[in-house]
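Asker: One structure is given below, represented as structure tokens, and several questions about it will come after.
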Amino acid sequence: MVGLFAVGTNAFVIAGLLPRIADGLGASQASVSYTITIYAVLVAVASPAVAIVLARVSRAGLMASGALLFTVGVVVAALSTSLTWFVIARVIAAFGGAALVPTASAVAATIVAPERRGRALAFVGAGFTLAVAIGSPLGTALGSAAGWRAPMWLLVGIGALVTVLIPVAFRGMPRPAPVSLRARVRPLSDLRVIAALGGVLFATASFNIVYIFSAQVLHRATGGSGTLLAVLLLVYGGAGVLGNVFAGRITDRYGSRASAAVALIVQAVALVAVAFFEWSYPLCLLLFVVWGVVVAGLTIPMQHRLVSIDPANAQQTMAWFSTAMYLGIAIAPPLGNAAIGLGGPWLVPIAGAVVSVLALGLFLLGFATRRMSAVATHGIPTTVEP
């Protein structure tokens with residue numbers, strides 16, 4: 001969990017520090033934002049590659065190596081004096097995260113009894129939730145007060161601690177059974193899985209478009225104050241923790257289709273409202289509460305849907321969920337920069353709302369795919385998964 005907290009904070013804190021990092025490196029904010037794309041694409045591609053190529057490496061060794069690479073990458077970032085070195089730093093940290101994050105989740109599921117796996121995975125995954133709720137806003141506040149390099153050095157300390165403790169805490173971990181390449185790609189042959197993953201990709205992109213460029217979108221409301229921006233991000237993250245608490249129960253009661261659809265619709269409305277009220281700090285504060293609650297609730301029904309399609313191959317399907325999520329993060333900066341180029345920062349939340357609607361369409365298409373297939377095969381409709 002601590003490792004995922006560090007990796008997540010390193011990814012999300014760039015949003016709050018974007019103007020300061022750009023000034024410090026003598027680069028444009030758009031150029032710095034693309035390092036998020038580079039980071040996310042590398043994690044998306046490297047994560048399954050690491051799982052295949054390094055399948056026989058000890059879990060403790062793989063996690064410790066990932067934590068070490070991540071720490072080295074953040075050290076290079078903290079020492080960077082140019083955009084080139086900052087990009088190199090992000091590449092190093094990305095490979096570290098690709099080794100650490102999926103391995104940590106897999107280990108969590110194997111070191112506890114089967115009936116406790118869900119809680120173990122939730123505990124580890126809470127690292128990302130806390131990164132958004134606490135790490136990013138506090139990093140933004142610290143960066144505003146002491147310079148953008150200060151939160152980087154704090155992450156170096158956390159990464160070094162994790163690197164040292166993992167080999168001690170997880171020595172003797174059994175190696176997992178090898179999984180064939182055919183088994184890993186099998187879920188992609190199901191159109192329902194493809195549609196759901198498309199929904200995940202664009203849903204992730206939709207809120208990251210706005211989150212990454214929040215400093216520019218909310219410049220009028222915050223007056224350029226990093227502290228006021230940090231408060232907004234803290235409220236957003238805190239609301240996300242609350243949404244995460246109730247999302248599972250809501251999904252169990254109303255099904256993944258209804259839960260995800262409502263969340264995406266509410267997000268689209270909230271983002272349109274942000275575009276029209278970006279001048280008012282109190283209204284943006286309220287909108288960030290609503291937005292944070294529904295965003296945190298998005299991933300749970302989408303994961304629920306993917307698992308319910310083929311429970312026997314859930315582990316492989318969820319690996320592709322991670323890839324789709326990181327690809328969604330990767331396309332967010334280009335989309336946000338395009339919106340700014342076309343109409344200025346106010347158009348960024350509008351772009352986020354449009355992508356939310358696209359995510360909704362793809363996600364619902366996965367349910368229609370089964371129905372249409374049944375009609376074509378048997379001539380009659382059938383029931384659809386909730």
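The values are calculated or read from the model by the stated rules, or taken from the named source; none is laboratory data. Because the structure is predicted, anything quoted here is derived from the model rather than measured. Cβ sites come from the backbone with ideal geometry, for glycine too, and all protein chains shown count toward neighbours. Just the protein is used for accessible areas: all its heavy atoms, side chains included, with ligands, DNA and RNA removed. Shrake-Rupley method; radii C 1.70, N 1.55, O 1.52, S 1.80 Å.
Asker: Could you tell me whether the stretch 321-329 includes any residue that is free of Cβ contacts under 8 Å to residues at least 24 places away in the same chain and farther than 26 Å from LEU347 by Cβ?
Answerer: Checked against the condition, which is being free of Cβ contacts under 8 Å to residues at least 24 places away in the same chain and farther than 26 Å from LEU347 by Cβ, the stretch 321-329 yields no hits at all.
Asker: Then there's this: Return the only residue of ARG186, ARG175, ARG171 being open to solvent by 70 Å² or more (accessible area, probe 1.4 Å), of a type in the set (D, E, K, R), at pLDDT below 85 and in a helix (DSSP H, G or I).
Answerer: ARG186
Asker: Hey, does the stretch 205-224 have a residue that's in contact with a helix residue (DSSP H, G or I) (Cβ under 7 Å, 6 or more places away or on another chain), among the small types (Gly, Ala, Ser), closer than 18 Å to ALA11 by Cα and modelled with pLDDT of 90 or more?
Answerer: yes
Asker: So which helices (runs of 4 or more DSSP H) are wholly in the stretch 248-358 and hold at least 3 residues that are buried (at least 16 other Cβ atoms within 10 Å of the Cβ) and modelled with pLDDT of 90 or more?
Answerer: Correct list: 256-276, 281-296, 314-343.
Asker: Criterion first (crowded, with 21+ Cβ neighbours inside 10 Å and more than 15 Å from the chain's Cα centre (by Cα)) does THR81 satisfy it?
Answerer: no
Asker: List the pairs whose first member sits in the stretch 134-156 and is surrounded by 19 or more Cβ atoms within 10 Å (Cβ to Cβ), whose second member is part of a helix (DSSP H, G or I) and basic (Lys, Arg), and whose Cβ atoms are under 7 Å apart, counting only residues at least 6 apart or on separate chains?
Answerer: That search, which allows pairs on different chains as well, returns GLY143/ARG20; TRP148/ARG20.
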